[in-house]
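Everything on this sheet refers to the single structure shown next.
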Ligand code: EPU
């Protein structure tokens, strides 16, 4: 077994002090809030209180920490880059009887206008560990790492398994919680372990993929019994053997158009996926969004058959629970609301399931819009939809 530790967070490797700075530096996938004191550029914001070696600020606006750019402030806020600081932050909140909310890349959430009560912990835990075992490559990655950096790393090294999940915004820690998926692949297929901090017992635990109870955009961590855990690291199992997954409609069409005698390479697949995504999703540095706002609903076979009689082209995929239908298609072709706007909120013109903040939308406006759309869906199809995004309050 070859053990190759690629890097750890800089405070772990040279003991530099990490402090919070104002959100001034944007990267492709978000804002950089922290600077290593060794690398310079640190700044101590107003209202910061230092407690031990964690810094807790008050009334920190959260909209800049999210891709939707919506909502109010955290009552208390801290950013942690290692498990020890996470522990301290949780213990601090516990002692004060404050609720704890964990924020990762902020790409699948919106914040309530009234803000978030208690302590918001920005999970910025870094670290990458790579273990090669024959054909398999096990990547153990800190929850605060940018997920797409890991996909890019895997693609550049020739490790298969995550390439269809290219160009999805967000952090590694969110991937098991949400069981992110795209173009025929769900991340659950690649997750072997999730390491988590157990708030109740004040210990670190390792959960196997099975224990995470993964479902469609669902996992243990979204349910009451999993709320005790804060994800700290995720282990993905990749493979050196080429295994392109090209059956998803958009990707199959790309493959058909570019087919040669050779299998497509990892880089070609990543490039194709990112190109498809860029047609369907806005650049959230320009327009606020959290991607698909609703889940694709699963309905009974009878319900689907009845809808097919009215809408013969409605895409549906058989699942053990029933038929999963393409809500984007319904919004676009049945309700004709692709690109529909109400004030500063609307659906995206490139993909109707994507809801966009076209200006300074409030969470109240967003929720009214979402309720209105959900009602329209129900009136037309009797489908009850569920949000795919999470509201933080
Ligand atoms: N469609 C339309 N018009 C639209 C949108 C979709 O006709 O405005 C049709 C498409 O042509 C296609 C079908 O509906 O036949 C499904 O559309 P698409 O392939 O774009 O995927 P989706 O079901 O709308 C899901 C995920 C996305 C993921 C894509 C690609 C959910 C809620 N969304 O969207 O994930 O990127 O598949 O795999 O499952 C997310 O979870 O936030 C997300 C963006």
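The numbers here are math on the coordinates, done by the rules we state, and not lab data. On a predicted model such as this, the values are computed, not experimentally measured, just so you know. Using ideal geometry, Cβ is built from the backbone for each residue, glycine included, and neighbour counts are taken over all protein chains shown.
Brief remarks follow.
- Cα-based shape type of the chain, given that a ≥ b ≥ c are square roots of the gyration tensor eigenvalues and the cut on a/c is 1.5: oblate
- Calculated on the alpha-carbon coordinates, the convex hull of the range 288-392 measures out at 95 cubic angstrom per residue.
- Cα shape, the range 200-247, gyration tensor, a/c 1.5 rule: oblate
- Taking a ≥ b ≥ c as the square roots of the eigenvalues of the alpha-carbon gyration tensor, the range 233-359 is classed oblate because a/c is 1.5 or more while a/b is no larger than b/c.
- Alpha-carbon centroid distance for the pair the range 96-158 / the range 247-325, whole angstrom: 25 Å
- Within the range 61-86: backbone nitrogen closer than 19 Å to the residue 204 label point (7 Å, Cα to C-beta): 79-86
- Percentage relative contact order, the range 128-280, counting C-alpha pairs under 8 Å, at least six apart: 29 percent
- Mean separation of Cα contacts under 8 Å, 6 or more apart, over the residue count of the chain: relative contact order %: 15 percent
- Full-extension gain in nm, residue 300 to residue 274, via 0.36 nm per residue minus C-alpha separation: 6.0 nm
- Calculated mean residue ellipticity, 222 nm, the chain: -7000 deg cm²/dmol, from DSSP H runs (n ≥ 4) at -39500 (n - 2.57) each, averaged per residue and rounded to 500.
- Modelled FRET efficiency - R0 22 Å, residue 265 with residue 189, Cβ distances, 0.05 increments: 0.60
- Per-bin percent of Cα-Cα distances, the range 128-280 [10 Å]: 11, 40, 32, 13, 3, 0
- Label-point separation, residue 319 to residue 96 (7 Å along Cα→Cβ), nm: 3.9 nm
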